[in-house]
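Report on the following structure.
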Amino acid sequence: MTAIALNRATPRKLLRRLPDYLLLLALSFACVYPFLWTLGIAVGDGEQVFDFPPPLWPKDAGWRHFAAVWDAIPLERFFWNSLWISGLTTLGTLAVSALAAFPLAKLRFRGRQAVFYAIIATLLLPSEINFISNYVTISRLGLDDSRLGVVLPSIAGAFGIYLMKHAFEEIPDEIVDAARMDGASDWQVFRRICLPLSLPYLATLGIFTLVWSWNVYVWPSVVLKTPDLYPLSVGVLYLKGAFATSTRMVAAGAVLTILPVLAVFALCQRYFMRGMDGAVK
């Protein structure tokens with residue numbers, strides 16, 4: 001009787017959840033469709049680029065535009081520039097966010113909440129509002145037209161500090177107090193207890209930062225003047241100037257720019273979901 005009841009209950013549960021699944025499927029398709037459309041343009045071969053309704057996969061699909069992009073611009077150099085800038089930005093963001101969040105979460109000092117609220121208030125400001133001050137600072141330091149000049153203003157952000165503060169607050173104070181009673185310093189508590197227990201949050205912040213720094217366009221285009229230093233997000237736009245009428249070339253360059261971060265997300269999505277689950281809780 002119990003097995004029959006369970007078998008009857010399962011279809012009912014599925015029917016109740018069917019609207020949720022359909023909604024999630026529609027949202028997933030809306031998110032994936034722009035990439036599929038760009039990929040379809042990149043592999044197509046013909047003049048009808050903006051047909052409506054656009055086909056998901058053209059009949060005359062081919063890969064010659066990707067080879068043409070590789071020959072038209074120094075794609076490998078742009079890729080290594082993006083890898084250098086994104087990797088250093090990610091590491092710097094993880095270090096600065098964790099170091100700034102630890103005292104806000106686990107130390108007691110006057111004005112702690114005021115400092116935290118001031119940091120969170122910067123989320124209300126558009127990032128472009130800091131361009132003038134950041135550019136003047138970078139120029140005075142002699143770092144304009146350098147990859148380090150792109151990285152340094154980007155490693156301290158309110159989102160990373162907020163996320164890591166929440167991660168450290170989830171660690172029970174009893175563990176920290178026990179470590180201090182055993183003679184552990186604040187640095188040892190941070191390095192040996194808080195960081196290992198916050199790895200899912202660090203992975204989530206790392207993925208967010210990597211994707212953002214890989215795709216960012218405006219700030220690198222302001223700082224960098226030498227084409228040999230351009231990341232992919234800036235360098236691929238050479239295709240628009242060199243091939244003004246070839247939308248398929250530009251689409252192929254955009255697909256090649258997106259593929260690395262998709263691969264990183266596919267490999268690290270388990271840690272990303274664990275970190276996001278903890279952040280929501």
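The values are calculated or read from the model by the stated rules, or taken from the named source; none is laboratory data. Every value quoted in this text rests on a predicted model; they were computed, and no experiment measured them. When we count neighbours, we look across all protein chains shown, and the Cβ atoms used for this are built from the backbone with ideal geometry, even at glycine. These area figures cover heavy atoms from the full protein model, side chains too; ligands, DNA and RNA do not enter into them. Shrake-Rupley method; radii C 1.70, N 1.55, O 1.52, S 1.80 Å.
When the helices in the chain are scored as -39500 (n - 2.57) per DSSP H run of 4 or longer and the sum is shared across all residues, what 222 nm value do you end up with, to the nearest 500 deg cm²/dmol?
Working: 14 runs with 199 residues, N = 281.
When only DSSP H runs of four or more count, the value is -23000 deg cm²/dmol.
Judged by the ratio a/c of the largest to the smallest principal axis of the C-alpha gyration tensor, the range 89-141 counts as prolate, that ratio being 1.5 or greater while a/b is larger than b/c. Hey, for a label at Leu267 modelled as a point 7 Å past Cα toward Cβ, could you say which residues of the range 188-221 have their backbone N under 18 Å away? Backbone N within reach: 200, 202-215. Using heavy atoms of the protein chains and a probe of 1.4 Å, the accessible area assigned to Trp84 is about 110 Å².
Between Gln188 and Ser127, the simple spin-label model (points 7 angstrom out along Cα→Cβ) gives 4.0 nm. Surface analysis of the chain yields an accessible area of 61 Å² per residue, using protein heavy atoms and a 1.4 Å probe. A straight chain from Leu141 to Leu36 at 0.36 nm per residue would run longer than the Cα-Cα distance by 33.5 nm. Packing-based ranking of 131-142, 17-28 yields 131-142, 17-28, ordered from highest to lowest mean Cβ neighbour count within 10 Å.
Express the C-alpha Rg of the chain as a ratio against the empirical globular expectation 2.2 N^0.38 Å, rounded to two decimals. The chain yields a ratio of 1.28.
Given a 1.4 Å probe and the protein chains as shown, Lys106 ends up with an accessible area of around 10 Å². Using the empirical formula 2.2 N^0.38 Å as the baseline, the Cα radius of gyration of the range 178-269 reaches a ratio of 1.68. The modelled label-to-label distance between Ala156 and Trp80, using points 7 Å beyond Cα along the C-beta direction, is 3.2 nm. Expressed in Å, the radius of gyration and Dmax of the Cα atoms of the range 59-128 are 21.7, 67. If r is the Cβ-Cβ distance from Leu259 to Leu14 and R0 is 30 Å, what FRET efficiency results, to the nearest 0.05? E between Leu259 and Leu14, to the nearest 0.05, is 0.25.
Contour minus end-to-end for Trp63 and Leu99, with contour as 0.36 nm per residue of separation and end-to-end as the Cα-Cα distance? Intermediate results must be reported in sequence, preceding the final value.
Numbers: separation 36, 0.36 × 36 = 12.96 nm, distance 4.64 nm.
Result: 8.3 nm gained on full extension.
Cα convex hull of the range 117-186: how many Å³ per residue? Intermediate values should be presented prior to the final figure.
Working: hull volume 9.5 nm³, N = 70.
Taking only Cα atoms, the range 117-186 has a hull volume of 136 Å³ per residue.
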